[in-house]
1. Name the single residue that is modelled with the highest pLDDT among those in region 25-48 being surrounded by 23 or more Cβ atoms within 10 Å (Cβ to Cβ) and under 27 Å from LEU424 (Cβ atoms).
2. Closer than 26 Å to GLY223 by Cα, over 16 Å from the mean Cα position of the chain (by Cα), in a helix (DSSP H, G or I) and among the small types (Gly, Ala, Ser): does that describe ALA110?
3. With LEU127, LEU104, LEU151, LEU121 as the choices, which residue is under 16 Å from GLY343 (Cα atoms), under 19 Å from the mean Cα position of the chain (by Cα) and surrounded by fewer than 22 Cβ atoms within 10 Å (Cβ to Cβ)?
4. Taking only pairs six or more apart or across chains, which ones have beta-carbon atoms under 7 Å, a first residue in region 112-130 that is charged (D, E, K, R), and a second residue that is surrounded by 13 or more Cβ atoms within 10 Å (Cβ to Cβ)?
5. List the number of the failed condition for GLU63; all other conditions in (1) more than 23 Å from ILE152 (Cα to Cα); (2) at pLDDT below 80 hold.
6. Tell me, yes or no, whether region 376-399 has at least one residue that is among the small types (Gly, Ala, Ser), modelled with pLDDT of 90 or more, in contact with a helix residue (DSSP H, G or I) (Cβ under 7 Å, 6 or more places away or on another chain) and surrounded by 21 or more Cβ atoms within 10 Å (Cβ to Cβ).
7. Does VAL156 satisfy the condition of being in a helix (DSSP H, G or I), over 14 Å from PHE289 (Cα atoms) and under 24 Å from the mean Cα position of the chain (by Cα)?
Amino acid sequence: MPIRPLPDAPPSIHLLGPTVFLLALGVGMGESYMWPRLVLVFGPEIRWLFLIGVTLQAVVMLEMSRYAMATGESIFTGAARVFKPLMWFFFVTAILVYMWPGHLSAGANAFEQLTGIPWVLTACVVLVLVGILFSMASVIYDVVEKILGVLIGVLVVGTAIIASIAGTWGDLASTLGGMFAFGYVPDGMLSAEWFPIVVGSIAFAGPSGMQQMWYTLHLREAGAGMGAHVPKIRGLRTAGEQEQVPAHGFMFDTSNPAEMEKWRGWRKWITFDAFLLFWGITMLVTISFTVLAQSAARENPNVKDIIEDGDRSAALAAMSDSFAAVGGSVLGGVFFAFIAMIGLNATLGLFDSFSRGQADMTYFHVPGARKIKMSHLYAGFLWGVITFGILILNFGPADGPEGVLDILAFLSTFAMGAYCVVLLLVNNRMLPKPIRPKWWSNAIIGFGAVFYLGMLFFCMIKFGVVDLG
């Protein structure tokens, strides 16, 4: 890679930047729906698995940023430098996992509870509106970051206020205590009915699947580190103004003490993002929703039995009732509005990220693709996933929005275990020794690979998804 100067790092303490994309995806259906549902069935002690999941993802976020900020390339290109089939594996995985509009389906279902409008109709309309928004934006990243920043702020503050009204100090104490009930395995958790959902929920403790990999593209768009030397992607309306994207990344001089000092500044910046913004905000929201789940259990003592009998949407209805118990039907409706907002957050983040990732891999690694503007490739994948989403919502095999979400969560676990392996290879083989990760970072990422893939394959073999006989 050509040597270029590393830009000066901004102050470590800052407001939301590219982290807003991970928050939009992380503060999503796992925290607001899947984990409260598990708490209603198994109690707050099951949250120790959430703590492991979200802490592991904070470290992954920190290490995923390393290659992107050092080179201005995505982790997909880093994977291709190690072994090109690795990159194509993620290209295919993204299609198999993220063509399913799970987050949007759950959000649209909440909107149906609020308004009576059929969830399929709402989801299809939102899909088209998202496509129009992204196509009309001048610089896509700038528009999406601003929208998500506002939505996340409303969600975090709103849920904390409602939880403080609906919950009790006892709810908060059991919620916090449950985070440290390490080793707690309740009856029924390892069953064929619930263990795949638990596995998927651990993957949904924060941004799931390939969302961490896409984060490297958002860092580049934000001009983090060497990403400052790469132009931003534009919408279709201004695609003619798209600058030529270079065919490779750049590297700074790691033997220069002044450059290394700037690098340490960038690492402080991203560490603040990972542990104070991402980990802290994600934890705050999930604490709020867990408090609400326990309040819901008091208002609806039979909700556990209803969920176990197969009504997966009962968790949302029960938490809405806990809102209504302290503020009337209007406040009950506010809860569904929050869930719909979460579905919109995740849809904006996912559709942008999917299109950005697929366009990046196509542009850099398909022969002749660089003759096409990056903006046009982005638009092609965007409208492709929108079209598939509309088809799957109307004619797909999943039984309702919760079924779509559970499929998405389970498939995401596979992608997460795989990207931990790739992350180890890229950071330790493709980067100069002075900026490679420390041994403890490698150990945690290695644990992540074993953790995600181990749970996934145990689940598949144990419950007959894979027949080894």
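1. LEU25
2. Here the answer is no, as ALA110 does not meet what is asked.
3. Working: LEU127 fails: surrounded by fewer than 22 Cβ atoms within 10 Å (Cβ to Cβ); LEU104 fails: surrounded by fewer than 22 Cβ atoms within 10 Å (Cβ to Cβ); LEU121 fails: under 19 Å from the mean Cα position of the chain (by Cα).
Going through LEU127, LEU104, LEU151, LEU121 in turn, the sole match is LEU151.
4. GLU112/PRO118; GLU112/TRP119; GLU112/THR122
5. (2)
6. The first filter runs over region 376-399 and keeps only residues among the small types (Gly, Ala, Ser), leaving 379-380, 384, 389, 396, 398.
Now narrow it down to the ones that are modelled with pLDDT of 90 or more: 379-380, 384.
Cutting the leftovers down to in contact with a helix residue (DSSP H, G or I) (Cβ under 7 Å, 6 or more places away or on another chain) gives us 379.
From what is left, the residues that are surrounded by 21 or more Cβ atoms within 10 Å (Cβ to Cβ) are 379.
Checked against the condition, which is being among the small types (Gly, Ala, Ser), modelled with pLDDT of 90 or more, in contact with a helix residue (DSSP H, G or I) (Cβ under 7 Å, 6 or more places away or on another chain) and surrounded by 21 or more Cβ atoms within 10 Å (Cβ to Cβ), region 376-399 yields at least one hit.
7. Values: in a helix (DSSP H, G or I): yes; over 14 Å from PHE289 (Cα atoms): no; under 24 Å from the mean Cα position of the chain (by Cα): yes.
So VAL156 fails the test.
The rows are residues; the columns are (1) in contact with a strand residue (DSSP E or B) (Cβ under 8 Å, 6 or more places away or on another chain); (2) farther than 21 Å from PHE111 by Cα; (3) not hydroxyl-bearing (Ser, Thr, Tyr).
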position: GLY131; (1), (2), (3): no, no, yes
position: ILE140; (1), (2), (3): yes, yes, yes
position: LEU148; (1), (2), (3): no, no, yes
position: GLY167; (1), (2), (3): no, yes, yes
position: THR175; (1), (2), (3): no, yes, no
position: MET179; (1), (2), (3): no, yes, yes
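The values are calculated or read from the model by the stated rules, or taken from the named source; none is laboratory data. Predicted model, so just to flag it, every value in this text is computed and none were measured. Glycine gets a Cβ as well: all are built from the backbone with ideal geometry, and neighbour counts include every protein chain shown.
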